[in-house]
Amino acid sequence: DTGVSQNPRHKITKRGQNVTFRCDPISEHNRLYWYRQTLGQGPEFLTYFQNEAQLEKSRLLSDRFSAERPKGSFSTLEIQRTEQGDSAMYLCASRGTTEAFFGQGTRLTVV
Amino acid sequence: AQSVTQLGSHVSVSEGALVLLRCNYSSSVPPYLFWYVQYPNQGLQLLLKYTSAATLVKGINGFEAEFKKSETSFHLTKPSAHMSDAAEYFCAVSEPPPTDKLIFGTGTRLQVFP
């Protein structure tokens with residue numbers, strides 16, 4: 001088990017384009033979280049899955065954002081019609097019994 | 001609602017000096033508290049956690065933190081700073097089950113001077 005894996009590590013996109021990020025959690029963890037971190041800030045919760053069910057979404061997750069976790073394994077986060085304000089680090093975490101393990105993150109730059 | 005406040009966005013110490021990073025929490029239930037470290041362009045690595053057992057928690061890399069309910073604090077300390085400790089440190093509180101999502105502070109950047 002190599003921990004939580006996120007791809008790509010970096011993504012540069014033009015405003016208005018769609019982007020998709022992938023997260024592969026630790027295999028035995030059934031809870032998966034997405035967070036967003038902007039420069040100089042702590043991570044902020046976006047959404048959470050228990051197996052394949054998306055159980056909570058933050059108000060930060062506008063209708064341009066969608067997340068899935070088919071079959072309760074990997075998860076994808078898609079942003080449609082990207083805006084410059086979407087530029088951030090997107091972090092995925094999976095949780096065992098008491099603690100969350102984070103991936104390396106995907107840094108999105110919208111130009 | 002749960003929240004954490006980290007006092008001091010930047011802390012500078014000399015190599016070998018004491019490191020003290022402050023965190024105060026607000027929680028309506030007995031909290032689970034965490035300290036994470038983040039190196040540039042990396043994800044977050046867990047340093048230590050408090051889950052209602054011993055109030056003095058020891059973590060990795062020589063760090064420890066003490067849970068003080070009367071002061072609603074969970075400050076992070078290390079007796080002797082090393083150059084490799086330079087990073088961003090985040091305090092976090094966990095929301096109650098079933099969500100268990102983390103609420104983070106704004107972070108403290110630690111600089112270590114030779």
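Could you sort B:L33, A:L55 by accessible area so the largest value comes first, with the probe set to 1.4 Å?
A:L55, B:L33
Identify the GluC sites (Glu not before Pro) of segment B:31-114 meeting these criteria: DSSP loop state and at most 11 other C-beta atoms within 10 Å of the C-beta.
Answer by residue number: B:E71.
Based only on the alpha carbon positions, what is the Kirkwood hydrodynamic radius of segment B:1-59, in angstrom?
Evaluated over segment B:1-59, this radius sits at 13.6 Å.
Would you tally the net charge around B:S94, using a Cβ to Cβ cut-off of less than 13 Å, leaving B:S94 out, and scoring K and R as +1, D and E as -1?
+1
Below 15 angstrom from the Cβ of A:T13, what's the summed charge of the other residues (Lys, Arg +1; Asp, Glu -1)?
It works out to a net charge of +4.
Stick to Cα atoms and the Kirkwood definition of Rh, then tell me Rg/Rh for chain A.
0.95
Output ³J(HN,Hα) for segment B:37-50: one whole-Hz value per residue in order, computed from phi by the Karplus curve 6.51 cos²θ - 1.76 cosθ + 1.60 with θ = phi - 60°, and x for Gly and Pro.
For segment B:37-50, the Karplus curve yields 10, 10, 8, x, 6, 10, x, 9, 10, 6, 8, 6, 9, 10 Hz.
Just the Cα atoms of the protein assembly as shown, one point each, no solvent: what log10 I(q)/I(0) does Debye give at q = 0.16 Å⁻¹?
For the requested q values the scattering log ratios are -1.11.
Please list B:T55, A:T2, A:T98 from largest to smallest accessible area, probe radius 1.4 Å, with all protein chains kept in place.
Largest accessible area first, the residues go A:T2, B:T55, A:T98.
Using only the Cα atoms, work out Rg/Rh for chain B, with Rh taken as the Kirkwood radius, to two decimals.
Result for chain B is an Rg/Rh of 0.96.
What size of dipole, in debye to the nearest 20, comes out for chain B about its Cα centre when the only charges are +1 on Lys and Arg C-beta atoms and -1 on Asp and Glu C-beta atoms?
120
Of the GluC sites (Glu not before Pro) in segment A:44-106, which ones lie in a loop per DSSP and count no more than 12 other C-beta atoms within 10 Å?
A:E83
Residue by residue, what Karplus-based ³J(HN,Hα) values in Hz, rounded to whole numbers, does segment A:52-62 have, using 6.51, -1.76 and 1.60 with θ = phi - 60° and x for Gly and Pro?
8, 8, 7, 9, 8, 10, 6, 5, 5, 7, 6
Rank these residues by their accessible area, most exposed first, probe 1.4 Å: B:H82, A:H29, A:H10.
My answer, sorted largest first, is A:H10, B:H82, A:H29.
Filter the cross-link list A:K14/B:K101; A:K57/B:K58; A:K57/B:K49; A:K11/B:K78; A:K14/A:K71 down to pairs whose alpha-carbon distance in this structure exceeds 28 Å.
From A:K14/B:K101; A:K57/B:K58; A:K57/B:K49; A:K11/B:K78; A:K14/A:K71, over 28 Å: A:K14/B:K101; A:K57/B:K58; A:K11/B:K78; A:K14/A:K71.
What accessible area, in Å² to the nearest ten, does a 1.4 Å probe give for A:T20?
80
Let me check I've understood the local charge: for B:Q2, count other residues with C-beta under 12 angstrom from its C-beta, Lys and Arg +1, Asp and Glu -1. What total comes out?
Local net charge: -1.
Residues with amide H under 5 Å of A:A88's amide H, sequence separation 5 or more or different chain, H placed in the peptide plane at 1.01 Å from N; which?
Placed amide hydrogens put A:L108 under 5 Å from A:A88.
Which value, in Å² and to the nearest 10, is the accessible area of B:I60 when all protein chains are kept and the probe is 1.4 Å?
In the full protein context, B:I60 sits at about 60 Å².
The values are calculated or read from the model by the stated rules, or taken from the named source; none is laboratory data. Note that the structure is predicted; figures quoted are calculated from it, not measured. Note: ideal-geometry Cβ built from the backbone for every residue, glycine included; neighbour counts use all protein chains shown. The protein model used for the area step is the full one, side chains on, heavy atoms only, and it has no ligands, DNA or RNA in it. Shrake-Rupley method; radii C 1.70, N 1.55, O 1.52, S 1.80 Å.
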